[in-house]
Amino acid sequence: LGTIQKEDVCTKFQHNNSRILFTGIQKVLIDRHSPSTTATKDLVMLVEDGRVRCLDTRSSCLSDETQKNTAQIALNNGYVLPGLVAFGNKLGIQSIPSESSTGDGSGSKSGDALNEDKTLHFAKYGVHLDGKGLARARIGGVTRAVTAPLHGGGVAQGVSVGLRMSKDATILDNGIWKDDVALHLVIGQ
């Protein structure tokens, strides 16, 4: 898209009650997708208020009334993919890996998984849902992330947290999809 076209489309996405129709979809890589027709020539995706409302043929997704107030984006050989999940990086925990002051603090070298009240670190207590790392991940298609706490050494690294990557999510409002995902242990190098 050209710069002016891109700004127009982005502006429409940001307004409430926005409705955008993507055409030119050639392949859908989502298991749950089962269009009413097997032909992909007329496959469209209707996005309304930031959510996918329909992924099917144009006639199944649009009524005459809906079509009037719908912006359209024509894709060239478009693909529909599921949202990506990032794992293993410090998304939401540390902004600059080489600068310790940009993180949630370092973990203890003597973490004890059997005495979690005193020594085990939980990523959910140190996560921040802003920063350049999260913004870059969103642009790349990441919709969820699993982040472990910073590791200071020892065997028990801590307990990871599951984050939603929506730019409007907060810690108290839909930003965490799973408080305690897994206990992370370091074995060997």
Residue that is modelled with the highest pLDDT, among those in region 175-189 that are open to solvent by 90 Å² or more (accessible area, probe 1.4 Å) and not in a loop (DSSP other than H, G, I, E, B): 178
Unique residue being modelled with pLDDT under 80 and within 20 Å of the chain's Cα centre (by Cα) when the list is 69, 89: 89
Pairs, first within 15 Å of residue 175 (Cβ to Cβ) in region 125-148, second open to solvent by 10 Å² or more (accessible area, probe 1.4 Å) and of a type in the set (Lys, Arg), C-beta under 7 Å, six or more apart: 138/167; 144/164; 147/90
Subset of region 149-167 [at pLDDT below 80, over 15 Å from residue 125 (Cα atoms) and in a loop (DSSP other than H, G, I, E, B)]: 152, 153, 154, 155, 167
Some residue of region 133-146 being touching an Asp or Glu at 6+ places or on another chain (Cβ under 9 Å), open to solvent by 20 Å² or more (accessible area, probe 1.4 Å) and assigned to a loop (DSSP other than H, G, I, E, B): no
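The values are calculated or read from the model by the stated rules, or taken from the named source; none is laboratory data. Worth saying up front: this structure is predicted, and the values here are computed from it rather than measured. Using ideal geometry, Cβ is built from the backbone for each residue, glycine included, and neighbour counts are taken over all protein chains shown. The accessibility values were calculated without ligands, DNA or RNA, using every heavy atom of the protein model including side chains. Shrake-Rupley method; radii C 1.70, N 1.55, O 1.52, S 1.80 Å.
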